[in-house]
Amino acid sequence: MTKPACTHTELHIGGRPVGPGQPCYVIAEIGSNHNGDYRVAVDLVKRCAEAGVDAVKFQDFSREDLFVPALPPERTPEWEARQALLTKRWKLLPNYTANPDWWPELAELASEVGVDFLCSPFSLEAVARLNHVGVPAWKIASGDLTWHELVQTAAATKKPLIISTGASDLEEVEQAVVQAREAGCTQIILLHCVSNYPPRWEDANLLAITALAERFQVPVGLSDHSPGSILPVAALALGCCVVEKHVTLDRKQPGLDHHFALEMGELAQLVRDIRHAELALGSGVKQWADAEEIERYWVRRGLWTTGPITAGSVIRRDQLAVLRPSQGLPASALGKAVGATAARDLAAGEPLVADDILPRSGERDD
């Protein structure tokens, strides 16, 4: 398990403790990658559960919740490019929008297959809908970090609040945390995030996980849009408590989020990598593992006699060899053995043990 990077009120999602010292909470972000097809959404929930995630997450939005239909005309090259992109998104979004009537059935399905059902609200109405469904926690998307009204509305339900922090600075994050706490939320998780799809490796800035934990004294995780599991595994060593990754059945599909999402085999590998990395982090106490005991015998060196040594004689350096395996006195005892008196007759090729030498004057015989 990861070592605590901060102190905070313990929180739970769906009855499972989340935070430093607990197994990483893995969220499969289905988002809009169901392509508006309920059957695909069902398949994704089932297959994500088979991959071993802790939660599946959808998004409750419509294009009217997200965008204006057109920008005020300026007729500049910048305006034309932005208007073209907005027009494209306005036309595409209905194809990737979920029907809110899905939520109760998908939440029930998630419960049946043993994962939590989460869904990001992109409107105040969505908060009310999802609260009625009974989501165990809220996820506020990076783009809504500064929409304090939405943060407050979700926080007022007293459920845990997961806030992504992409494209933000510490001041903006602090304002969101303050708004959530003032609205009554005591269980907050921050997700470090880079809002590019995918981000460049040099922009990942994983050390921000530590900075967020130290500044706000809350559990911190990673909302990751990079390929594979490199960043989530590296983040675990920094105290990452939650990992969120977009998922898809086929990355080659057209759509909003398919191109950077993990396919199902990759998702299963991500979960395995995270669990193996958690085991590898260990306790932090520097000590050899039980499995290394045999290596300590065969790889370490011990003190071996090179020829006969008579009882009562002073042991010389040339009468000892420092060789493997480490049987009897270790190599580090060479200085103690040379110049000591032999307690008994020793033959060539014997390992020197503690009882074979007499304590020198002033030494304790332990």
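The values are calculated or read from the model by the stated rules, or taken from the named source; none is laboratory data. Here the structure is a predicted model, which means the values were calculated and not measured. Positions of Cβ are generated from backbone atoms using ideal geometry, with glycine treated the same way; all protein chains shown enter the neighbour counts. What goes into the accessible areas is simple: the full protein's heavy atoms, side chains included, and nothing from ligands, DNA or RNA. Shrake-Rupley method; radii C 1.70, N 1.55, O 1.52, S 1.80 Å.
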Against the definition (of a type in the set (Asp, Glu), crowded, with 19+ Cβ neighbours inside 10 Å and either in contact (Cβ under 8 Å) with a residue 40 or more places away in the chain or within 30 Å of residue 253 (Cβ to Cβ) (or both)), how does residue 29 come out, yes or no? yes
Within 15 Å of residue 193 (Cβ to Cβ) and at pLDDT 95 or above, is that true of residue 236? no
Given (1) at negative phi; (2) surrounded by 19 or more Cβ atoms within 10 Å (Cβ to Cβ); (3) modelled with pLDDT of 95 or more, residue 38 misses just (2)
Return the total of residues in segment 126-156 being over 16 Å from residue 31 (Cα atoms) and basic (Lys, Arg). 1
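Residues are listed down the side, and each one gets a yes or a no for (1) on the phi > 0 side of the Ramachandran plot; (2) β-branched (Val, Ile, Thr); (3) open to solvent by 10 Å² or more (accessible area, probe 1.4 Å); (4) at pLDDT 95 or above:
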{"position": "137", "(1), (2), (3), (4)": "no, no, no, yes"}
{"position": "144", "(1), (2), (3), (4)": "no, no, yes, yes"}
{"position": "151", "(1), (2), (3), (4)": "no, yes, no, yes"}
{"position": "162", "(1), (2), (3), (4)": "no, yes, no, yes"}
{"position": "174", "(1), (2), (3), (4)": "no, no, yes, yes"}
{"position": "179", "(1), (2), (3), (4)": "no, no, yes, yes"}
{"position": "200", "(1), (2), (3), (4)": "no, no, yes, yes"}
{"position": "203", "(1), (2), (3), (4)": "no, no, yes, yes"}
{"position": "215", "(1), (2), (3), (4)": "no, no, yes, yes"}
Restricting attention to segment 88-127, report how many residues are farther than 19 Å from residue 154 by Cβ and hydroxyl-bearing (Ser, Thr, Tyr). 3
Only residues in segment 226-241 that are in a helix (DSSP H, G or I) count as the first member; pair them with residues that are among the aliphatic types (A, V, I, L, M) and open to solvent by 50 Å² or more (accessible area, probe 1.4 Å), Cβ under 7 angstrom, at least 6 apart or cross-chain, and list the lot. 236/281
How do the pairs read when you match residues in segment 247-273 that are free of Cβ contacts under 8 Å to residues at least 24 places away in the same chain with residues anywhere that are of a type in the set (Ser, Thr, Tyr) and open to solvent by less than 60 Å² (accessible area, probe 1.4 Å), using Cβ under 7 Å and keeping only pairs 6 or more apart or on different chains? 263/248
Could you list, ordered by first residue, the pairs with Cβ atoms under 8 Å in which the first is in segment 300-313 and within 12 Å of residue 352 (Cα to Cα) and of a type in the set (A, V, I, L, M) and the second is open to solvent by less than 60 Å² (accessible area, probe 1.4 Å) and part of a loop (DSSP other than H, G, I, E, B), at least 6 apart or interchain? 303/328; 303/329; 303/352; 309/315
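Conditions (1) in contact (Cβ under 8 Å) with a residue 60 or more places away in the chain; (2) open to solvent by 80 Å² or more (accessible area, probe 1.4 Å); (3) among the basic types (Lys, Arg); (4) in a loop (DSSP other than H, G, I, E, B), marked per residue:
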{"residue": "20", "(1), (2), (3), (4)": "yes, no, no, yes"}
{"residue": "59", "(1), (2), (3), (4)": "yes, no, no, no"}
{"residue": "70", "(1), (2), (3), (4)": "no, no, no, yes"}
{"residue": "79", "(1), (2), (3), (4)": "no, no, no, no"}
{"residue": "91", "(1), (2), (3), (4)": "no, yes, yes, no"}
{"residue": "98", "(1), (2), (3), (4)": "yes, no, no, yes"}
At least 2 residues that are closer than 30 Å to residue 94 by Cα and open to solvent by 40 Å² or more (accessible area, probe 1.4 Å) in each: list the helices (runs of 4 or more DSSP H) lying fully within segment 251-365 that qualify. 264-281
I'd like to verify a number: residues in segment 100-120 that are over 22 Å from residue 16 (Cα atoms) and either of a type outside the set (Asp, Glu) or open to solvent by less than 60 Å² (accessible area, probe 1.4 Å) (or both), how many? 2
